[in-house]
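Down below is the structure, laid out as structure tokens.
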Amino acid sequence: MSDLPESTPAKATFWRTLQAVMWSFAGMRKNSASHEDMARLNPFHIIAVAIGLVMVMVVGLIALVNWVVAQPSTLS
């Protein structure tokens, strides 16, 4: 038997935190899923994952721009 009361939600895993942040970036969340995540997820984990994903996105965009600029121009 568990010593935790049934009303206490289980803690979310890193994978669940990553999924929640990625869905939030896309802007597609069900209201019920959002409320469930608010009850389970640690705010500090959400902030850390969000900062990491923003950094990955910025580095990816910089790499994409550098790659496009480095391509030879075919307009001449």
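The values are calculated or read from the model by the stated rules, or taken from the named source; none is laboratory data. Only a predicted model underlies this, so the values are computations on that prediction, with no experimental measurement involved. Neighbour counts run over all protein chains shown; Cβ positions are idealised from the backbone, glycine included.
Points worth noting:
- Only listed residue being within 13 Å of the chain's Cα centre (by Cα) and modelled with pLDDT of 85 or more, chosen from Val49, Val65, Val58: Val49
- If the condition is being in contact with a Phe, Trp or Tyr (Cβ under 8 Å, 6 or more places away or on another chain) and surrounded by 14 or more Cβ atoms within 10 Å (Cβ to Cβ), then the stretch 15-48 contributes only His45.
- Residues in the stretch 51-71 that are of a type in the set (S, T, N, Q) and under 17 Å from Leu18 (Cα atoms): none.
- Looking only at residues in the stretch 25-46 that are at pLDDT below 85 and of a type in the set (S, T, N, Q), the one that is nearest to the chain's Cα centre (by Cα) is Ser34.
- Check on Ala12, assigned to a helix (DSSP H, G or I) and under 15 Å from the mean Cα position of the chain (by Cα): no
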